[in-house]
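Have a look at the structure below, then the notes.
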Amino acid sequence: MPTSQKNRSSSKLTIAGTAVEVTHELVHIDSLRLDPENPRIRFQFKHGTRKKPTNAEELLAIVRAQPGYEDLQKQIRKQGGIHDPLIVRHDGTIVEGNTRFAVISFLAKPDRSVEQWTTVPVMRLAKGVSERTILLLMADYHIAGKTTWRPAAQADQIYRMIEESGVSAQDVADATRMTVKKVQQYVEAYKYLLHEVIPEVESGGKVDRQEILEKKFSHALELITRNNLKAIRDNPAERKRVAKLIATDKIQGLEVRKLPALMQHAKAKEILIKDGFKPASDALKRADPTVDSKILVRQ
């Protein structure tokens, strides 16, 4: 359904320091579509148990399965529609606002003639906007902005931007308002999960990679960022040992920072590898009651 001229105006949107031409329009939802390569959608079928969607309904089902969908549906129903514009490519493919679109599509189902559910405001990007600029725009909205993705999804997007699309760490840092060091740490933690932890889990059979990436990202980030863990992360054998501990649930997120004390004590290390963090920690405390205060000093 075309947009009437009276419902259209133009302006510029600054993305990563670049001014991009956009038009503000009021459009029918039938002129819009989800993008199967949207990072959150792609994250689920690439790493999760879902198959790659083959049609619009399957795409909508993936978005509606996201955490927070039901709450957003209640909010949009209560406020009588969408007021903040969706951001779309020149052809109507949604860049930002996928969950809102999924909600409004559901609310429009009973009666497609109800304008409050079938007409939405959009900001349409000009045709020539580069893929790099669109990636930086999404990073701005969903890593630095108010509608943030989960840390693992943020790391997946940062990894994709740098490793697959050639965006510099500095540009990612500028878009996300992170430091370059933090951007690099997110990439390294994500790569550690992909290449070292997940293979350990998969050695026991087929797994849900998405679940591992989401649940274990904090573990990997601890290993990559903590100063007292440098000797462990620089040692391939110790990295592999920690990957096994993470993969077998023998250690939890914040416990990773206490690994040096356990791995430097022969008996505690043996128990850690066999039984996990808590029994090893208890054994170390029996051997050295002051260990907790020493750990705090080292961090």
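The values are calculated or read from the model by the stated rules, or taken from the named source; none is laboratory data. The shown structure was predicted, so the numbers you read here are calculated from the model rather than taken from an experiment. All Cβ positions, even for glycine, are placed from backbone atoms using ideal geometry, and neighbour counts span all protein chains on display. Each accessible area value is taken on the protein alone, full model and side chains, heavy atoms only, with ligands, DNA and RNA left out. Shrake-Rupley method; radii C 1.70, N 1.55, O 1.52, S 1.80 Å.
Tabulated results
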{"quantity": "Checklist (1) buried (at least 16 other Cβ atoms within 10 Å of the Cβ); (2) out of contact with any Phe, Trp or Tyr (no Cβ under 8 Å at 6 or more places or on another chain); (3) assigned to a loop (DSSP other than H, G, I, E, B); (4) at pLDDT below 80 applied to Asp35, failing item", "calculated": "(4)"}
{"quantity": "Selected residue [touching a residue at least 60 places away in the same chain (Cβ under 8 Å) and over 25 Å from Ser130 (Cβ atoms)] from Asn235, Asn227", "calculated": "Asn227"}
{"quantity": "Helices (runs of 4 or more DSSP H) contained in region 237-299 and holding at least 1 residues modelled with pLDDT of 90 or more and basic (Lys, Arg)", "calculated": "266-275, 277-287"}
{"quantity": "Check on Thr14, over 30 Å from Gln116 (Cβ atoms), in a strand (DSSP E or B) and modelled with pLDDT under 85", "calculated": "yes"}
{"quantity": "Residue in region 80-101 that is charged (D, E, K, R), in contact with a Leu (Cβ under 8 Å, 6 or more places away or on another chain), open to solvent by less than 50 Å² (accessible area, probe 1.4 Å) and not in a loop (DSSP other than H, G, I, E, B) present", "calculated": "yes"}
{"quantity": "Test set (1) under 27 Å from Ile251 (Cβ atoms); (2) open to solvent by less than 30 Å² (accessible area, probe 1.4 Å); (3) β-branched (Val, Ile, Thr) - Val167 fails condition number", "calculated": "(1)"}
{"quantity": "Residue, farthest from Ala153 (Cα to Cα), within region 38-60, restricted to residues that are at pLDDT 85 or above and of a type in the set (D, E, K, R)", "calculated": "Glu57"}
{"quantity": "Residue under evaluation Leu86, criteria (1) touching a residue at least 24 places away in the same chain (Cβ under 8 Å); (2) within 23 Å of Leu13 (Cα to Cα); (3) out of contact with any strand residue (DSSP E or B) (no Cβ under 7 Å at 6 or more places or on another chain); (4) not β-branched (Val, Ile, Thr), criterion not met", "calculated": "(3)"}
{"quantity": "Some residue of region 105-127 being without any contact (Cβ under 8 Å) to a residue 12 or more places away in the chain, of a type in the set (Gly, Ala, Ser) and under 30 Å from Glu188 (Cα atoms)", "calculated": "no"}
{"quantity": "Filter result (open to solvent by 50 Å² or more (accessible area, probe 1.4 Å), assigned to a helix (DSSP H, G or I) and among the hydroxyl-bearing types (Ser, Thr, Tyr)) within region 138-163", "calculated": "Tyr141"}
{"quantity": "Where Met178 falls short, out of the listed (1) in contact with a helix residue (DSSP H, G or I) (Cβ under 7 Å, 6 or more places away or on another chain); (2) buried (at least 20 other Cβ atoms within 10 Å of the Cβ); (3) not in a helix (DSSP H, G or I)", "calculated": "(1)"}
{"quantity": "Residue match in region 109-124 (condition: modelled with pLDDT of 90 or more, open to solvent by 40 Å² or more (accessible area, probe 1.4 Å) and in a helix (DSSP H, G or I))", "calculated": "no"}
{"quantity": "Residue that is least open to solvent (accessible area, probe 1.4 Å), among those in region 14-26 that are touching a residue at least 60 places away in the same chain (Cβ under 8 Å) and farther than 13 Å from His90 by Cα", "calculated": "Ile15"}
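So that you can scan it fast, the table gives a plain yes or no per residue for (1) under 23 Å from Arg226 (Cβ atoms); (2) charged (D, E, K, R); (3) touching a residue at least 40 places away in the same chain (Cβ under 8 Å):
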position: Ala175; (1), (2), (3): no, no, yes
position: Thr179; (1), (2), (3): yes, no, no
position: Val201; (1), (2), (3): yes, no, yes
position: Val207; (1), (2), (3): no, no, no
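For every residue, the table says whether it meets (1) within 22 Å of the chain's Cα centre (by Cα); (2) of a type outside the set (Gly, Ala, Ser); (3) open to solvent by 40 Å² or more (accessible area, probe 1.4 Å).
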{"position": "Asp208", "(1), (2), (3)": "yes, yes, yes"}
{"position": "Ile212", "(1), (2), (3)": "yes, yes, no"}
{"position": "Pro236", "(1), (2), (3)": "no, yes, yes"}
{"position": "Leu272", "(1), (2), (3)": "no, yes, no"}
{"position": "Phe277", "(1), (2), (3)": "no, yes, no"}
{"position": "Lys285", "(1), (2), (3)": "no, yes, yes"}
